[in-house]
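To start, the structure itself, in structure tokens.
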């Protein structure tokens, strides 16, 4: 009964490859996010989707493309991976309709680009 | 994007001691959240605050929403070894954009 799940948990790949990370939430939330956490543990938002529509895109290289097939899923595709893309990527979801906002995180995907 | 300032950046305390940390922002929020991140895991929501001046507890944790709406505080009483981790504050107005603090790393010495 995991609330926000991500796959894979670990991803090791070569520079220049294309990879995808998948995220699913079973909370019925209408907003989903992707965050990047660097080695200093800073959490920075990358994208936010509300009901499958992109609402936040924070100065992220266009090699990163989110895709939301439905409001329970938000996948992240990364083209031409670079060394600096190595980080932990967190998916999250929140519900802002009919009540206060709260936000729940997935377990993270640890990406290492060699 | 905006980043909230948390202090202290790190803390080393003896088991049983109380802990206080705070989070400040240059702009106001109408919701403040506190998270804990264990090593190798995602942040877990601890407490949510929705009203200026609100004081909310969750077991040994107590958080307060500052009157100015530009700050929030988290206290942990009688710390135990499993309190170890990184604590993050976050603020939001719209529920679309959550701004996170820089984190407070807590180490509890048995």
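A few points about this structure:
- Chain B - Rg (one decimal) and Dmax (whole number), Cα, Å: 13.2, 41
- Counted by neighbouring Cβ atoms within 10 Å, the residues A:23, A:91 run from fewest to most as A:23, A:91.
- Per residue, the convex hull volume that the Cα atoms of region A:1-49 enclose (Å³): 113
- Histogram of C-alpha separations across chain A, 10 Å bin width, %: 15, 50, 29, 6, 0
- Each eigenvalue of the Cα gyration tensor of the protein assembly as shown, multiplied by 5 and square-rooted, gives one semi-axis; in descending order these are 29, 21, 15 Å.
- Measure of compaction for region B:54-110 (Cα Rg per 2.2 N^0.38 Å): 1.27
- Max mean-square fluctuation residue, GNM over chain A, Cα-Cα springs under 10 Å, options A:58, A:82, A:24: A:58
- Counting beta carbons within 10 Å around each of B:25, B:77 and listing the fewest first gives the order B:77, B:25.
- Number of partner chain Cβ atoms within 10 Å, mean per residue of A:102-108: 6
- For peptide A:64-74, the mean count of partner chain Cβ atoms within 10 Å of a residue's Cβ comes to 0.
- Other protein chain C-beta atoms within 10 Å of residue C-beta, averaged over A:42-55: 3.
- Most fluctuating residue given options B:90, B:48, B:78, as computed from a GNM of chain B linking Cα atoms under 10 Å: B:78
- Among A:14, A:37, A:25, the largest mean-square fluctuation in a Gaussian network model of chain A (Cα springs under 10 Å) belongs to A:14.
Where a number appears in this text, it was derived from the coordinates with a stated rule and is not lab data. Since the structure is predicted, the reported quantities are computational estimates derived from the model, not experimental observations. Neighbour counts are summed over all protein chains in view; Cβ atoms, including those assigned to glycine, are modelled from backbone coordinates with ideal geometry.
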